[in-house]
Amino acid sequence: MPDVITEKLAGSNWNLMDFLAVGVSKVTMERLLTPMIGNGTVKSGVLKGVGGIALSQMVGNKSGMGEQVGRYVAAGLIVDAVEDVTLALIDPTIQKFLGGGSSAASNTMVDVISG
């Protein structure tokens with residue numbers, strides 16, 4: 001059986017631990033940047049995307065722990081940027097298509113069911 005932890009995944013050079021580090025970086029940077037540039041908007045997506053691409057260019061293919069952390073942060077920023085733009089542009093269309101309300105309405109329903 002292959003070692004799932006160290007095996008390269010999704011056609012990339014990254015394994016499960018690398019993707020975990022990107023996920024932690026994405027969530028951390030999202031929370032740190034939200035008060036300054038917002039979240040879930042085209043503007044925040046563009047800013048995070050530009051930052052992630054710039055950081056990625058700076059660390060390049062250098063080796064070392066600092067550069068690897070930089071790659072994780074850059075990837076997390078880019079993933080968050082794509083999420084922000086997707087939420088801003090596509091989510092309203094999906095909500096209209098499905099006939100649903102806003103996310104706030106969905107959260108209210110969860111509170112009613114669980115509470």
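The values are calculated or read from the model by the stated rules, or taken from the named source; none is laboratory data. The structure presented is a predicted model; accordingly, all values stated were derived computationally and were not measured. Neighbour counts are summed over all protein chains in view; Cβ atoms, including those assigned to glycine, are modelled from backbone coordinates with ideal geometry.
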**Request:** Kindly indicate whether any position in segment 69-76 is farther than 26 Å from Asp3 by Cα and surrounded by fewer than 17 Cβ atoms within 10 Å (Cβ to Cβ).
**Result:** no
**Asked** Just a yes or no: is a residue in segment 12-29 surrounded by 12 or more Cβ atoms within 10 Å (Cβ to Cβ) and assigned to a loop (DSSP other than H, G, I, E, B)?
**Response** yes
**Message:** Can you find, within segment 33-67, the residue that is surrounded by the most Cβ atoms within 10 Å (Cβ to Cβ) among those that are over 16 Å from the mean Cα position of the chain (by Cα) and outside any helix (DSSP H, G or I)?
**Reply:** Lys62
**Request:** State the number of residues belonging to segment 47-84 that are touching a helix residue (DSSP H, G or I) at 6+ places or on another chain (Cβ under 7 Å) and either modelled with pLDDT under 90 or farther than 21 Å from Phe19 by Cα (or both).
**Result:** 1
